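Student: So that we are looking at the same thing, I have put the structure below in structure tokens.
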Amino acid sequence: MIDLRIDREQDEAAHRQVYRQLRAAILSGRLAAGARLPSSRTLAATAGVARVTIDRAVEQLAAEGFVVSRVGAGTYVTDALATGGEAGRESLFRPALTAWGERTLALHQPGEPPGDGPRPEIDFGFGRSFAGGFPYDVWRRLLGRYLSTDDAMLSRYGSAAGFYPLRQAIADYLGRARGVRCAAEDVVIVSGAQQAIDILARLLLAPGDEVLVETPGYRDAFALFRLHQARLVGLPVDDYGLPADRLRGERARLVFVTPSHQFPRGGTMPLARRLALLAWARRRAAVIIEDDYDGDLRYEGGSLAALQGLDEDGRVVYLGTFSKVLFPALRLGYLVLPRALNAPFVQAKDLVDRGAPTLTQAAVADFLAEGHFERHLRHLRHLYGEKRQALIQALDANLGDRVRYSPVAAGLHVMLFAETGVDEARLVREAAARGVRVYAGAPYHLEQPAPPSILLGFSGLEEEEIVEGVRRLAEAWP
């Protein structure tokens, strides 16, 4: 007998619940091929429903070929149905992965720390936006502007390069605020930094090519370059970012750098180093990816001009994102590409991604063009600047000279360097035992052994939580 159970609290219709349970019984072998189904009267009594509900479920099964009705004899599971039953689950097909697929598995980066423990009272996660800081009323109005019309743009696919008014608004803003030299045609909308890096790596790197990266640096970029079989050459950064003036015989085809605010250590690359990097790239015929992931979030003085603005011969790719300033779930970033890379990148992107949702792009375009973005940015600079100041004051008061960190007031996190000999993993565990989640710095370093360090994000916390979290962290500090 098939035991049917109807959950009256579910939104799913009763006949769909009956259909789903009978289908599962057939596929699992509990109702074998050729077996006769109990009568609709019997099934209705078992499930506590009307016979018409059973009839609708059986009609759907018949339409899909799971059962057949025989006049005067009842309804039977299709004879030709071979399911393998429960035993078949032990031998589920496992397709052979390509070398690329195997490398993807090998490069899997588990979340840190594991999420199977109790939720921490205070989580210094970084890269998060503060939910209360976003003008949701403005955002809803901008989205509603397009949802309430029959605008033709919503009825067709957009360009792989992105919604043109958004590309124009980004070009206008970057030229005005960041010194980037570009037109709308040079801007391409992507789903985020990782998509941009992946496509660039496919276009520019052959197996075995060298990529020059900062260490500590952006570990997702490390993983993507390795996935494409590149060889990473890590250059340790200091308080002023990548020491490009020390580059000599490196043979890299590609350089990945964060000059405005080095990730994750902090620090800003001065003009002399920027010019040295451009000169070196010119000699090596190398491409530079400038990741300006949080360049707008500076809390002392204005935004800095981008490295791309110094580029005279089109070898810098400028990469930016809206995730840090608007909200992460938006999943919109952008590239400013040299003219020689524009067509190859857009054609490659068109093959793997039709483009970001036009509705979202249209709303962001208006958000920029109507001045909401820069007003919101001023608000965030004030809000996050105060949070960072609270963090720095708490660190100085509780840890003093036991830690070092970048003095540059920017970004959404601070990387703390501990004294040599401090056990980084133990420090993370001891903090967790006190209800505070901090993040190990080792995954961001290429050098081995990595100097002991941890990352503290502050954007998603209240100032009181920041102060209390640092106090508890100090208790765990050796």
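The values are calculated or read from the model by the stated rules, or taken from the named source; none is laboratory data. Because the structure is a prediction, the values reported are computed rather than measured. Cβ placement follows ideal geometry from the backbone for every residue including glycine, while neighbour counts extend to all protein chains displayed. We work out accessible area using only protein heavy atoms, side chains counted, and drop any ligands, DNA or RNA first. Shrake-Rupley method; radii C 1.70, N 1.55, O 1.52, S 1.80 Å.
Student: Output needed for region 325-463: three equivalent-ellipsoid semi-axes, defined as square roots of 5 times the C-alpha gyration tensor eigenvalues, in descending order, whole Å. Don't skip to the answer; put the middle values down first.
Tutor: Numbers: eigenvalues 271, 98, 39 Å².
After scaling each eigenvalue by five and taking roots: 37, 22, 14 Å.
Student: Turning to a different aspect of this structure: Given the DSSP H assignment, sum -39500 (n - 2.57) over each helix run of at least 4 residues in the chain and divide by its residue total; what's the result at 222 nm in deg cm²/dmol, nearest 500?
Tutor: Values: 14 runs with 182 residues, N = 478.
The helix contribution divided over the chain gives -12000 deg cm²/dmol.
Student: Here's something else I'd like to know. Relative to the longest principal axis of the chain, what angle (0 to 90°, nearest 10) does the C-alpha long axis of helix 14-28 take?
Tutor: 90 degrees
Student: Also: Roughly how large, in nm² to one decimal, is the mean projection of the convex hull of the alpha-carbon atoms in the chain? Before the final figure, lay out the partial values.
Tutor: Working: hull surface 118.4 nm².
Reported value for the Cα convex hull: 29.6 nm².
Student: Normalised by the residues of the chain, what does the relative contact order come to in percent, with Cα pairs under 8 Å and at least six apart?
Tutor: Numbers: 793 pairs, mean separation 85.4, N = 478.
Rounded, it is 18 percent for the chain.
Student: Rounded to the nearest 0.05, what FRET efficiency is calculated for residue 62 and residue 185 with R0 set to 56 Å and r the Cβ-Cβ distance? List each step's numbers first, then the result.
Tutor: Values: r = 57 Å, r/R0 = 1.02.
Once rounded, the FRET efficiency stands at 0.50.
Student: Using only the alpha carbons of region 21-65, determine the length spanned along each of the three principal axes and report them from longest to shortest in whole angstroms.
Tutor: Reported extents, whole Å, longest axis first: 26, 20, 15.
Student: Now a separate question. How many percent of the accessible area of the chain is carbon or sulfur, using a 1.4 Å probe? All intermediate terms of the calculation are to be shown ahead of the outcome.
Tutor: On the way: 11750 of 22810 Å².
Percent of accessible area from carbon and sulfur atoms in the chain: 51.
Student: For region 453-467, take each phi angle, set θ = phi - 60°, evaluate the Karplus expression 6.51 cos²θ - 1.76 cosθ + 1.60, and give the result in whole Hz per residue in order, putting x for glycine and proline.
Tutor: Karplus-based 3J(HN,Hα) across region 453-467 equals 7, 9, 10, 10, x, 10, 5, x, 10, 6, 4, 5, 5, 4, 4 Hz.
Student: Sticking with this one: Can you give me the long-range amide H partners of residue 289? Hydrogens built in the peptide plane at 1.01 Å from N, cutoff under 5 Å, separation of 5 or more residues or another chain.
Tutor: Amide H neighbours of residue 289, under 5 Å, 5+ apart: 255, 256, 257, 317.
Student: Same structure, new question: Give me the net charge of residue 422's neighbourhood, meaning all other residues with Cβ under 15 Å from the Cβ of residue 422; Lys, Arg count +1, Asp, Glu -1.
Tutor: -2
Student: Order 409-418, 291-300, 68-77 from most to least packed using the mean count of other Cβ atoms within 10 Å. It would help to have the intermediate numbers written out before the result.
Tutor: Working: 409-418: 22.4, 291-300: 20.9, 68-77: 12.0.
Final packing ranking: 409-418, 291-300, 68-77.
Student: Through the Karplus equation 6.51 cos²θ - 1.76 cosθ + 1.60, θ set to phi - 60°, convert the phi angles of region 336-344 into ³J(HN,Hα) values in whole Hz; use x for Gly and Pro.
Tutor: Listing the rounded values in order: 10, 9, x, 4, 5, 9, 4, 5, x Hz.
Student: For residue 190, what residues show an amide H to amide H distance below 5 Å, using hydrogens built from the backbone and excluding near sequence neighbours?
Tutor: Amide H to amide H, under 5 Å and 5 or more residues apart or across chains, residue 190 pairs with 333, 334, 335.
Student: If I fit a long axis through the Cα atoms of helix 372-398 and take the longest principal axis of the Cα atoms of the chain, what angle between them do I get, 0 to 90°, rounded to 10?
Tutor: Roughly 70 degrees between the two axes.
Student: Please figure out what share of the DSSP beta bridges in the chain is antiparallel and state it in percent, rounded to the nearest 5. Write out the running numbers ahead of the final one.
Tutor: Numbers: 24 of 43 bridges.
Rounded to the nearest five, the antiparallel share is 55 percent.
Student: Give me the dipole magnitude in Debye, nearest 20, for the chain about the Cα centre, with unit charges on the beta carbon: positive for Lys and Arg, negative for Asp and Glu. Mind showing how you got there, number by number?
Tutor: Details: 58 positive and 59 negative charges, 211 e Å.
Magnitude of the dipole: close to 1020 debye.
Student: Further question on the same structure: Accessible area per residue, 1.4 Å probe, Å², for region 333-478: what's the number? Show your work: numbers first, answer last.
Tutor: On the way: 6210 Å² over 146 residues.
Computed with neighbouring chains in place, this is 43 Å² per residue.
Student: Can I ask one more? Dividing the Cα convex hull volume of region 252-400 by residue count, how many Å³ per residue is that? It would help to have the intermediate numbers written out before the result.
Tutor: Details: hull volume 23.6 nm³, N = 149.
Residue-normalised Cα hull volume stands at 158 Å³.
Student: Quote to one decimal, in nm, the extra length available between residue 80 and residue 383 on full extension: 0.36 nm per residue of separation minus the C-alpha distance between them.
Tutor: Numbers: separation 303, 0.36 × 303 = 109.08 nm, distance 6.66 nm.
That works out to 102.4 nm of additional length.
Student: For residue 331 and residue 375, compute 0.36 nm times the residue count separating them, minus their Cα-Cα distance, and round to one decimal in nm.
Tutor: Numbers: separation 44, 0.36 × 44 = 15.84 nm, distance 2.10 nm.
Using 0.36 nm per residue and subtracting the Cα-Cα distance, I get 13.7 nm.
Student: Can you list residues whose amide H is under 5 Å from residue 439's amide H, if they're 5+ apart or on another chain and H is modeled 1.01 Å from N?
Tutor: HN-HN under 5 Å from residue 439: 455.
Student: Along region 248-260, what does the Karplus equation 6.51 cos²θ - 1.76 cosθ + 1.60 (θ = phi - 60°) give for ³J(HN,Hα), rounded to whole Hz, x for Gly and Pro?
Tutor: Each residue's phi maps through the Karplus curve to give 10, x, 4, 10, 5, 8, 9, 10, 10, 9, 10, x, 6 Hz.
Student: Can you give the accessible area per residue of region 281-329, in Å², using a 1.4 Å probe? Walk me through the intermediate numbers first.
Tutor: Details: 1750 Å² over 49 residues.
With all protein chains present, region 281-329 gives 36 Å² per residue.
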